[in-house]
1. Can you pull out the residues in segment 51-70 that are closer than 19 Å to Trp117 by Cβ and away from ligand 1 (no atom under 16 Å from the Cβ)?
2. Suppose the filter is farther than 22 Å from Cys30 by Cβ and modelled with pLDDT of 95 or more; does Pro95 pass it?
3. Under 7 Å between Cβ atoms, at least 6 apart or on separate chains: pull out the pairs that start in segment 84-96 with a residue that is over 14 Å from Glu126 (Cα atoms) and end on any residue that is among the β-branched types (Val, Ile, Thr) and not in a loop (DSSP other than H, G, I, E, B).
4. So which residues in segment 53-77 are buried (at least 17 other Cβ atoms within 10 Å of the Cβ) and not in a strand (DSSP E or B), if there are any at all?
5. Being touching a Cys at 6+ places or on another chain (Cβ under 9 Å) and either in a loop (DSSP other than H, G, I, E, B) or of a type in the set (D, E, K, R) (or both) is true for just one of Gly110, Gly96. Which residue is that?
6. Restricting to segment 98-137, name every residue that is in contact (Cβ under 8 Å) with a residue 12 or more places away in the chain, within 16 Å of ligand 2 (Cβ to nearest atom) and surrounded by fewer than 15 Cβ atoms within 10 Å (Cβ to Cβ).
7. Quick check, is Ser88 of a type outside the set (Lys, Arg), surrounded by 15 or more Cβ atoms within 10 Å (Cβ to Cβ), modelled with pLDDT of 95 or more and away from ligand 2 (no atom under 16 Å from the Cβ)?
8. Mind listing whichever residues of segment 89-143 are of a type in the set (Asp, Glu) and touching a Leu at 6+ places or on another chain (Cβ under 7 Å)?
Amino acid sequence: MTIATDNTDPTAQKSRRNRKSRRSQKPPRCRRCRQRTTKSYVGPMNPVGNAGRPYYKCEPCGTFACFGDKRGIHASNLPCDCPGSKASRVHLTGPGRINTGALFYKCARGRCGFWEWKCNAYGDQEYYLGDILAPEEMAKLGF
Ligand SMILES: [Zn+2]
Ligand SMILES: [Zn+2]
């Protein structure tokens with residue numbers, strides 16, 4: 001409950017003014033156990049530049065639902081399977097996985113199961129293998 005008060009995100013004020021679109025941002029239900037998810041913030045040691053990002057997670061089963069911001073959502077992204085085909089969100093695969101650095105699309109709102117690797121026009125999987133930068137700089141890269 002106290003986390004909202006020290007929110008220094010410069011976009012916070014803008015989204016407060018834009019109350020109508022905020023309402024659709026209510027926590028999604030967990031896709032695994034159907035519980036209502038709760039909002040948290042990514043810890044400072046996040047290895048892929050996500051520190052401080054808001055996200056929704058199911059406390060009972062630990063499933064990540066989606067981020068609670070607009071980062072990585074672009075009109076040119078593949079549409080997800082939600083009604084109305086919403087633009088999905090680009091994510092970066094973290095360290096220690098087979099596809100570390102691979103970019104992938106995921107439902108931006110955590111409501112449908114859409115998930116797909118990001119590929120270029122030739123069908124080759126796209127990677128980001130550059131340095132992990134501060135969250136604001138990573139956001140400028142588009143994911
Ligand atoms: Zn769950
Ligand atoms: Zn969706």
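1. Across segment 51-70, the qualifying residue is only Phe67.
2. Numbers: farther than 22 Å from Cys30 by Cβ: yes; modelled with pLDDT of 95 or more: no.
The answer is no for Pro95.
3. Listed by first residue and then by second, the contacts come to Ala87/Ile73; Arg89/Ile73.
4. Quick first cut of segment 53-77, residues buried (at least 17 other Cβ atoms within 10 Å of the Cβ) only: 53-58, 65-69, 71-73, 77.
Those that are buried (at least 17 other Cβ atoms within 10 Å of the Cβ) and not in a strand (DSSP E or B): Arg53, Cys58, Gly68, Asp69, Arg71, Gly72, Asn77.
5. Sole residue among the options that is touching a Cys at 6+ places or on another chain (Cβ under 9 Å) and either in a loop (DSSP other than H, G, I, E, B) or of a type in the set (D, E, K, R) (or both): Gly110.
6. Within segment 98-137, Gly113, Glu116 meet the criteria.
7. On the way: of a type outside the set (Lys, Arg): yes; surrounded by 15 or more Cβ atoms within 10 Å (Cβ to Cβ): yes; modelled with pLDDT of 95 or more: yes; away from ligand 2 (no atom under 16 Å from the Cβ): no.
Considered against the rule, which asks whether it is of a type outside the set (Lys, Arg), surrounded by 15 or more Cβ atoms within 10 Å (Cβ to Cβ), modelled with pLDDT of 95 or more and away from ligand 2 (no atom under 16 Å from the Cβ), Ser88 comes out as no.
8. Within segment 89-143, the subset of a type in the set (Asp, Glu) is 116, 124, 126, 131, 136-137.
Those that are of a type in the set (Asp, Glu) and touching a Leu at 6+ places or on another chain (Cβ under 7 Å): Glu116, Glu126.
The values are calculated or read from the model by the stated rules, or taken from the named source; none is laboratory data. Since the model is a prediction, treat every value here as computed from it, not as a measurement. We place every Cβ from the backbone using ideal geometry, glycine too, and count neighbours over all the protein chains shown.
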